[in-house]
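The values are calculated or read from the model by the stated rules, or taken from the named source; none is laboratory data. Computed from a prediction, not measured in an experiment: that's the story for all the values here. Here the Cβ positions follow ideal geometry from the backbone for every residue, glycine too, while neighbour counts run over all protein chains shown.
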Amino acid sequence: MTTSVARSEAALSAAVPAPGRRATAINTSRVADLITQLIVELGEDPAREGLVGTPDRVAAWWSAFLSPDDASTATCFTESQLNGQLVIVGGMSVWSLCEHHMLPMNLQVTAGYVPDGEVMGLSKFGRIAQHFAGQLQVQERFTRQVAEHLTDVIGREDVAVAVRGVHLCMSMRGVRMEAARTTTAHMGGRFKSDPMLNQQFLTFAAAQWNAT
Ligand SMILES: [Zn+2]
């Protein structure tokens, strides 16, 4: 198992460029043409029966993958009695594409926060994870983006995000280590300053991953 703990936000934002969000919609017919060319360059015949519809299917997939739901509208509910209780949402599994090899990575996401008079709609967590998975990514940046978005929505720094990733670029190429898992974690506010809270969160995240 490879473990890398995400560094502080300041260090990361200095080192990591802003993620590439498209300004315009995907031109699917142009993408399909390019896939046809790729098939030819790979020594295949794009006119053979099994490949006839492939460029269109691949182009449609790219378009869908790069157009995830908007994560910006958050639903928060007032719960004035609630503060100091730990809320953890685990078992969220999203697929993304590693930007170094354009191969899939499966990201198991656990997110937690400490509410203070307001709680966030639970389904929102999965939507946020899906939103940031729908781009060419690296796991470290994904972890930070999910954490920063949750921090914005909740309006507090008390947010933790842990991600365990399986990267096909490690499993099916290069070192071919199928059992390799990459773990990243972002701890903000009390999750950083309170060792008990930090440990509670990581124990829960590990239990989620071991159960899958
Ligand atoms: Zn890769």
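Taking THR184 as meeting all but one of (1) within 16 Å of the ligand (Cβ to nearest atom); (2) β-branched (Val, Ile, Thr); (3) part of a helix (DSSP H, G or I), write down the number of the exception.
(3)
Within segment 77-117, track down each residue that is of a type outside the set (A, V, I, L, M, F, W, C) and closer than 20 Å to ASN210 by Cα.
Within segment 77-117, GLY90, GLY91, SER93, ASN106, GLN108, THR110, GLY112 qualify.
Of all residues in segment 179-212 being among the β-branched types (Val, Ile, Thr) and within 20 Å of ARG144 (Cβ to Cβ), which is surrounded by the most Cβ atoms within 10 Å (Cβ to Cβ)?
THR184
I'd like the full set of residues that are away from the ligand (no atom under 16 Å from the Cβ), in a loop (DSSP other than H, G, I, E, B), closer than 19 Å to GLN130 by Cβ and at pLDDT 70 or above, limited to segment 71-101.
Hit for segment 71-101 is THR75, nothing else.
Scanning for something outside any helix (DSSP H, G or I) and either within 16 Å of the ligand (Cβ to nearest atom) or assigned by TED's automatic domain parsing to the domain that holds GLY91 (or both), does segment 196-208 turn up at least one residue?
no
Between a first residue in segment 88-105 that is under 25 Å from VAL159 (Cα atoms) and assigned by TED's automatic domain parsing to the domain that holds MET120 and a second residue that is among the polar types (S, T, N, Q) and within 16 Å of the ligand (Cβ to nearest atom), which pairs have beta carbons less than 6 Å apart while being 6 or more apart in sequence or on different chains?
Final answer for the pair search is TRP95/ASN106; SER96/GLN137; MET105/SER96.
Which members of segment 150-180 meet the condition of being more than 11 Å from the ligand (Cβ to nearest atom), in a strand (DSSP E or B) and not charged (D, E, K, R)?
Answer for segment 150-180, where residues must be more than 11 Å from the ligand (Cβ to nearest atom), in a strand (DSSP E or B) and not charged (D, E, K, R): VAL159, ALA160, VAL161, ALA162, VAL163, VAL166.
Which one of these is among the hydrophobic types (A, V, I, L, M, F, W, C) and more than 23 Å from SER67 (Cα to Cα): ALA133, ALA185, ALA147? Walk me through it before giving the result.
On the way: ALA133 fails: more than 23 Å from SER67 (Cα to Cα); ALA147 fails: more than 23 Å from SER67 (Cα to Cα).
Unique residue meeting the criteria: ALA185.
Can you give me the number of residues within segment 102-137 that are crowded, with 19+ Cβ neighbours inside 10 Å and within 16 Å of the ligand (Cβ to nearest atom)?
Within segment 102-137, residues that are crowded, with 19+ Cβ neighbours inside 10 Å and within 16 Å of the ligand (Cβ to nearest atom) number 5.
Considering only segment 28-45, I want to know if a residue exists there that is closer than 30 Å to SER123 by Cα and free of Cβ contacts under 8 Å to residues at least 60 places away in the same chain.
No, there is no match, as no residue in segment 28-45 is closer than 30 Å to SER123 by Cα and free of Cβ contacts under 8 Å to residues at least 60 places away in the same chain.
Is one or more of the residues making up segment 149-166 over 23 Å from MET102 (Cβ atoms), loosely packed, with under 15 Cβ neighbours inside 10 Å and at pLDDT below 95?
yes
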